[in-house]
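Before any comments, here is the structure.
The values are calculated or read from the model by the stated rules, or taken from the named source; none is laboratory data. The model shown is predicted, which means the values in this text are computed figures rather than measured ones. Cβ placement follows ideal geometry from the backbone for every residue including glycine, while neighbour counts extend to all protein chains displayed.
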């Protein structure tokens with residue numbers, strides 16, 4: 001017998017996660033959010049977030065104007081975090097293989113007009129979008145959803161005194177949302193659905209375009225914030 005399809009991530013759970021994130025992020029640090037109005041108020045959207053610190057995902061989840069379902073590595077789903085992350089609508093992904101369950105869940109989020117959060121670099125690193133994986137291009141081309149670049153700046157500038165692995169308490173962390181763009185130049189309007197070419201060449205071209213857009217946004221965000 002084939003395995004039963006995985007349950008769709010909870011939209012209500014993601015909204016609960018957003019409210020928890022708001023409380024935690026503003027309680028522990030001083031987020032400065034710029035350009036949140038650029039996130040489309042309705043319809044499918046992909047948030048492409050640079051990733052240099054573990055708080056980047058929770059920070060964006062808390063300050064984004066809409067509840068967001070992030071693709072998160074399965075290694076983070078340990079102990080009580082497993083039911084908690086699943087309960088707030090987050091997606092567990094196995095990065096060591098083609099995780100078809102996670103792929104279908106992520107596409108389902110977009111098909112239902114939701115917000116999918118992705119760290120396009122695949123793992124925590126310099127946070128400069130220098131090395132993109134093809135996953136972001138695949139989801140954008142397949143769904144036709146616009147991409148909103150998000151730059152999180154200041155999470156790695158200094159270490160906290162109480163908890164070395166976190167930014168200093170009450171320090172400022174900037175979250176800058178950019179203008180939405182299409183993975184394929186001249187694509188149909190957002191929300192018109194997928195159906196785009198998914199050949200290797202098309203995905204490679206989309207990845208190059210996405211990287212250019214994300215890098216430009218990061219540079220602009222650094223100028224804007226002085227970081």
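For region 67-96, which positions are within 15 Å of residue 13 (Cβ to Cβ) and more than 12 Å from the chain's Cα centre (by Cα)? Passing the criteria: 77, 81, 82, 83, 84, 85, 86, 87, 88, 89, 92. Considered as a group, the residues in region 53-65 that are outside any helix (DSSP H, G or I) and buried (at least 19 other Cβ atoms within 10 Å of the Cβ) include one that is modelled with the lowest pLDDT, and that residue is 53.
One residue alone among 108, 113, 23 is over 26 Å from residue 134 (Cβ atoms), surrounded by fewer than 22 Cβ atoms within 10 Å (Cβ to Cβ) and more than 13 Å from the chain's Cα centre (by Cα), and that residue is 23. The residue list 89, 43 contains one member that is in a loop (DSSP other than H, G, I, E, B) and crowded, with 23+ Cβ neighbours inside 10 Å, which is 89. For region 94-138, name all the residues that are in a helix (DSSP H, G or I) and at pLDDT below 90. Once the filter is applied, which keeps residues that are in a helix (DSSP H, G or I) and at pLDDT below 90, region 94-138 yields only 135.
Confirm whether residue 187 is out of contact with any strand residue (DSSP E or B) (no Cβ under 8 Å at 6 or more places or on another chain) and at pLDDT 85 or above. No; evaluated as a whole, the condition is false for this residue. Annotation note: of 71, 34, 47, the sole residue that is in contact with a helix residue (DSSP H, G or I) (Cβ under 7 Å, 6 or more places away or on another chain), touching a residue at least 40 places away in the same chain (Cβ under 8 Å) and farther than 17 Å from residue 102 by Cα is 34.
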